[in-house]
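Everything on this sheet refers to the single structure shown next.
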Amino acid sequence: MRKIGLGFFLLVFLVSCGNKKTKMDPFATITNLVDSAAHKADTVPQAEVDNDPKPIEADESFDDFVYSYASDDALQRQRTKFPLPFYDVDKPSKIERGEWEHDYLFTQQNYYTLLFDDEDDLELVGDTALTSVQVEWILLKNRMVKKYYFERTKGVWMLEAINLRQIEQGENEDFVAFYLRFVTDSVYQSRHIREPLEYITIDPDDEFSILETTLDLNQWYAFRPVLPVDKLSNINYGQKNSDYSNTKILKVNGIGNGYTNIFYFRRHRGEWELYKYEDTSI
């Protein structure tokens, strides 16, 4: 009887030790990064990687999906349509599965940026009804745009093509040329800031209220954050985004840190200017 009791307690001990092992979730870090995600993404069973992809929880929102896609190699290969069409300016080619290298997109940065032409288009972010989205890298110094085309079919997001193209040049100074000089030349920057500059921020006396005020040039230099210099990312949810637009909105979102800044630019008398700055970081 004593031997049976000892065996029973040993079995209970081994089972309880086994239960202490942490279940690994390949999307755990992404869940912590995405501000909009209030749930964990489903894991991808290894057996499904080479079969027809099935919808997962992250497919419901493109923002959730793209972070999962960028961080998980198995999911990325499953959700990339091979051979993948790749257009290098005027040279079409295809990328085979064996040639594919994992692409982290912008998830290895502590921020990402979004571009809009119209303030109303800010509402497109987070739309769960989207079926076509493009993720872009805007290479400022090279004046190139690298665009990833994602399509959702039967509830499943897939990367279907990549296109690298040159930024079109118009008769007037385009936004990319202006922005690059704006962030690298402080004298030029000072001449292209509207005075007084509209400023929107969280009320320091009431964190649930928004304060609308203005900044003079000296105050701008005291409050201004660091802006991206080499390249900008963009997620095109369907918003207007023309090379020839006379207005541009640059939104900088922190990844997992509550940082949110929005910069409003417009062309005034033939030249670009920053006329409004919004900092609602938590």
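Points to keep in mind about this one:
- All of K146, K141, K154 fail the test of being over 30 Å from R267 (Cα atoms) and basic (K, R), apart from K154.
- When residues of segment 86-110 are limited to those that are among the hydroxyl-bearing types (S, T, Y) and open to solvent by 60 Å² or more (accessible area, probe 1.4 Å), the one nearest to V252 (Cα to Cα): Y104
- Cβ-Cβ distances below 7 Å connect the following pairs, each with a first residue in segment 117-145 that is within 16 Å of I249 (Cβ to Cβ), a second residue that is at pLDDT 95 or above and part of a loop (DSSP other than H, G, I, E, B), and a separation of six or more residues or different chains: L124/Y237; V125/Y237.
- Residue match in segment 208-228 (condition: modelled with pLDDT of 95 or more, under 21 Å from L115 (Cβ atoms) and polar (S, T, N, Q)): no
- The residues in segment 225-263 that are of a type outside the set (A, V, I, L, M, F, W, C), free of Cβ contacts under 8 Å to residues at least 24 places away in the same chain and open to solvent by 60 Å² or more (accessible area, probe 1.4 Å) can be counted, and the count is 1.
- In segment 54-70, residue farthest from T107 (Cα to Cα) [restricted to those that are open to solvent by 40 Å² or more (accessible area, probe 1.4 Å) and in contact (Cβ under 8 Å) with a residue 40 or more places away in the chain]: K54
- For segment 165-176, a residue qualifies if it is closer than 27 Å to T80 by Cα and surrounded by fewer than 16 Cβ atoms within 10 Å (Cβ to Cβ), and the qualifying residues are R165, Q166.
- Residues of segment 60-117 that are at positive phi and either modelled with pLDDT of 95 or more or part of a helix (DSSP H, G or I) (or both): L105 alone.
The values are calculated or read from the model by the stated rules, or taken from the named source; none is laboratory data. These figures come from a predicted structure and were not determined experimentally. Cβ atoms come from the backbone with ideal geometry, glycine included; neighbour counts cover every protein chain shown. These accessible areas exclude ligands, DNA and RNA; they are computed on the full protein's heavy atoms, side chains included. Shrake-Rupley method; radii C 1.70, N 1.55, O 1.52, S 1.80 Å.
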